[in-house]
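One structure is given below, encoded as structure tokens.
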Amino acid sequence: MILDMGIRKYLESKQLSTIWFGSTQTDRTPSPAPVPLVSSGGTKVTSGLNVYHIFTQDDNFTVNDSVDVEVLIIGGGGGGGSATAPTGGGGGGGAGGILNGTTTITAGTYPIVVGAAGAGGGPGGAAGANGVDSTAFGFTATGGGGGGKGNSNAGGGPGNPGGSGGGAGE
């Protein structure tokens, strides 16, 4: 009814009127603008609204505010085994373990450790070395298992366990 006749005409039709204009907000100062998220470490790549940090060597990741992140952590691959000449074959090194998921991190600096690949077996039929674990934000991706040594005359060696186990030698 008030909108149909206009507020002035409505007030004129009343002998006593009280209309209160205001806000229930007690603090009328504008809230500050949100602090922009600032992060550093590794190789920083921006694609649209997404920011990626790619680590290929040990470094620190630093962020100025709490943030939900998606992480992909891969352990170092295992080294392949070697074989004795002229026969036999060393087993292949296993892939490093993979962790993928989301987590919330708070403002701070976080060490990122990138696991190196394991060394291949040396001459004369030696097992490959395991890959090194990779760690970030309290999570660990296990390095891959080294490949088994190869020696067809005496039998090959087993591969080592790891993120993915190394193959057996022949």
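Miscellaneous remarks
- For the peptides 104-117, 72-85, residues were scored by their other Cβ atoms within 10 Å and the scores averaged per peptide; the highest-first order is 72-85, 104-117.
- Listed residue (Gly138, Pro111, Ser164) projecting farthest to the positive dipole end of region 37-168, Cβ model: Ser164
- Peptide ranges 140-150, 61-71, 92-102, 36-46 listed from the most packed, as the mean C-beta count within 10 angstrom indicates: 140-150, 92-102, 61-71, 36-46
Computed from the coordinates by the stated procedures, all read-outs in this text should not be read as laboratory data. Remember, predicted model here, so these are calculated numbers, not experimental data. A quick note on method: Cβ atoms are made from the backbone with ideal geometry, for glycine too, and the neighbour counts reach across all protein chains shown.
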